[in-house]
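In what follows, a single structure is set out as structure tokens and then discussed.
The values are calculated or read from the model by the stated rules, or taken from the named source; none is laboratory data. The model shown is predicted, which means the values in this text are computed figures rather than measured ones. With ideal geometry, Cβ positions are generated from the backbone for all residues, glycine too; neighbour counts draw on all protein chains shown. SASA here: full protein model, heavy atoms, side chains in, ligands and nucleic acids out. Shrake-Rupley method; radii C 1.70, N 1.55, O 1.52, S 1.80 Å.
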Amino acid sequence: MADAIEVRGLERNFGDRRALAGVSFAVRSGEMFGLLGPNGGGKTTLFRILATLLSPTAGTARIEGIDVEGDAARVRGRIGVVFQSTSTDKKMTAMENMLLQGAMYGLSGEPLRSRASVLLARFGVLDRANDRCEHLSGGLRRRVEIAKGLLHGPAVLLLDEPSAGLDVGARRDLREVLAGLRQDGTTVLLTTHFMEEAAVCDRVAILDLGRVVALGRPDALCAESGTDVISVRTREPERFRAAVAARFGGTVTVVEGAVRIERSRGHEFVPQLVESFPGQVDAVTVARPTLEDVFIRRTGRAFAEASA
Amino acid sequence: MIVPALSLARREVVRFFRQRGRVIGALVTPVLFWLIMGSGIGSSFVGGGGDYLRYAFPGTTTMILLFTCIFSSISIIEDRNEGFLQSVLASPAPRASIVLGKVVGGALLGWLQAFPFLLLAPTVGIPLTVSGLAIAAVVLAASAVFLAAVGFFFAWRSSSVAGFHAIMNIVLMPMWLVSGALFPLAGAYSWMAWAMRLNPLTWGLSAVRTALTPSDPGPFPLPLSLAVVTGCAILAVLACALTIRSEK
């Protein structure tokens with residue numbers, strides 16, 4: 001059986017700018033796959049190609065074996081797309097939006113209405129079905145968007161930055177919705193620049209400057225280095241970095257004003273470090289590596305720096 | 001194609017009536033304009049029976065159509081910016097159904113406002129007849145489709161509402177100004193008379209005028225003007241369909 005999504009050597013240029021520089025990966029049926037990367041990394045370009053709204057410069061992308069460029073019309077019937085900007089009509093009710101969406105996919109009548117109700121209930125918005133979308137919170141509106149995307153029973157659900165513009169509470173809430181989708185075995189591809197959202201996925205591809213810099217299970221990627229990450233706040237980070245590197249060796253970098261040291265058994269290393277540089281350490285933390293650390297290790301830059 | 005188009009058209013109508021400002025703006029502005037111009041110029045006007053309020057009456061229906069179609073067209077730009085349009089473009093609904101939905105929706109809104117306005121005709125001494133109203137209804141529908149399609153054509157290419165306002169002032173408003181709504185073709189300088197003849201709205205308005213006041217008809221024969229407006233409406237819709245077909 002064909003992969004749910006198969007992307008091979010995908011390239012896309014905008015004038016001189018290279019948004020995608022040869023991206024390849026495959027998403028299996030039932031998998032939740034995250035495209036993680038800083039803004040400008042190429043996520044949205046890739047998303048738009050998969051959503052049949054942009055042509056690639058080179059390479060291929062297939063949904064269930066169907067080429068998105070060669071047979072866009074068939075692909076459109078098989079994908080559910082949830083865009084970053086809200087696509088619900090705010091002057092219409094949640095149910096009216098669902099029915100309109102259904103009509104775009106050739107659904108109608110009672111089957112459409114009952115399917116819409118089932119989905120609104122599943123995402124906990126059925127009691128607000130007759131409220132205009134302009135009166136729903138950002139989080140509820142996003143739930144309606146996802147319900148809309150699933151209305152025609154797509155083989156693949158594409159979500160572009162589903163938590164963009166949501167507050168912390170609504171983001172947590174959305175992660176629960178995503179976890180539910182994952183349990184149901186819905187094939188999902190989502191783009192995000194939130195680490196915690198990527199961590200919910202079965203696998204992630206980290207995109208930077210149009211390339212895949214890491215691909216795998218989030219926990220496996222994080223555990224790859226086998227080290228802890230020690231982060232030190234100090235007055236002169238550059239001097240401190242050089243001194244630590246000279247004394248202890250290993251990978252020592254300055255990221256966003258903090259000195260970052262990768263080291264196994266970090267808790268044992270911290271006392272040595274503090275005693276070696278008395279009075280210079282203002283604050284120190286030891287942590288297991290996160291996807292952000294994977295990004296830093298692969299690109300040499302922090303996420304925020306890459307986005308800037 | 002019909003189901004998505006009708007659903008999109010229905011959305012236009014629902015949205016319109018849920019935005020009170022739009023209803024008031026599209027209906028009150030032209031009527032106000034008509035009353036001010038008509039009463040101000042009053043009997044200074046020599047053509048058309050000497051009563052400007054009466055002369056300007058048929059043209060006001062075209063203005064109602066124009067205003068409504070402009071507002072509907074602006075919604076295309078809003079849909080694009082808000083993301084609604086993207087979700088329609090990513091659906092399997094044929095591209096042409098988007099054109100049909102928007103144009104039919106916009107035209108229907110215009111017609112629903114312009115036609116009831118005709119019922120005010122007796123107030124300026126224009127008697128209403130069933131045949132006159134029936135013909136006017138058909139002509140207004142064709143003109144509404146034409147205007148909605150022209151609005152769609154330009155709005156589709158505009159990235160901002162501000163940009164569309166420029167088009168509106170350069171293309172759509174002048175089209176109405178030289179349609180015979182404000183002054184008759186008969187007395188215009190020859191270059192202007194030619195501009196008026198080339199303007200599809202002049203033909204539509206001529207037909208409305210003839211239908212309402214057969215004793216003081218428009219400059220063109222009724223069947224021909226009806227045919228011209230209908231033909232132009234079909235061409236404009238086709239132009240929109242061709243424009244949108246190239247959109248990925």
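Identify the residue in the stretch A:102-120 that is open to solvent by 20 Å² or more (accessible area, probe 1.4 Å), assigned to a helix (DSSP H, G or I) and within 21 Å of A:Leu181 (Cβ to Cβ) and, among all such residues, is farthest from the other protein chains (Cβ to nearest Cβ).
A:Val118
Looking only at the stretch A:56-93, how many residues end up being within 7 Å of another protein chain (Cβ to nearest Cβ), under 22 Å from the mean Cα position of the chain (by Cα) and open to solvent by 20 Å² or more (accessible area, probe 1.4 Å)?
Final tally of qualifying residues: 3.
Within the stretch B:181-196, which residues are loosely packed, with under 15 Cβ neighbours inside 10 Å and part of a helix (DSSP H, G or I)?
Correct list: B:Ala186, B:Gly187, B:Ser190, B:Trp191, B:Met192, B:Trp194.
Which of the residues spanning the stretch B:141-180 are open to solvent by 50 Å² or more (accessible area, probe 1.4 Å) and outside any helix (DSSP H, G or I)?
Matches in the stretch B:141-180: B:Ser159 only.
Output the residues belonging to the stretch B:16-67 that are surrounded by fewer than 19 Cβ atoms within 10 Å (Cβ to Cβ), within 14 Å of another protein chain (Cβ to nearest Cβ) and part of a helix (DSSP H, G or I).
B:Phe17, B:Arg20, B:Gly21, B:Val23
Residue by residue, here is whether (1) under 20 Å from the mean Cα position of the chain (by Cα); (2) at positive phi; (3) modelled with pLDDT under 95 holds:
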residue: A:Glu96; (1), (2), (3): no, no, no
residue: A:Leu119; (1), (2), (3): no, no, yes
residue: A:Gly138; (1), (2), (3): yes, no, yes
residue: A:Pro162; (1), (2), (3): yes, no, yes
residue: A:Val168; (1), (2), (3): yes, no, yes
residue: A:Arg171; (1), (2), (3): yes, no, yes
residue: A:Glu176; (1), (2), (3): yes, no, yes
residue: A:Leu181; (1), (2), (3): yes, no, yes
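Of all residues in the stretch B:108-140, which are within 12 Å of the chain's Cα centre (by Cα) and open to solvent by 10 Å² or more (accessible area, probe 1.4 Å)?
Initially, the stretch B:108-140 is screened for residues within 12 Å of the chain's Cα centre (by Cα), giving B:108-115, B:139-140.
B:Leu108, B:Trp111, B:Leu112, B:Gln113, B:Phe115, listed by residue number.
Give A:Leu99, A:Leu10 a once-over and let me know the one that is among the hydrophobic types (A, V, I, L, M, F, W, C) and assigned to a strand (DSSP E or B).
Going through A:Leu99, A:Leu10 in turn, just one is among the hydrophobic types (A, V, I, L, M, F, W, C) and assigned to a strand (DSSP E or B): A:Leu10.
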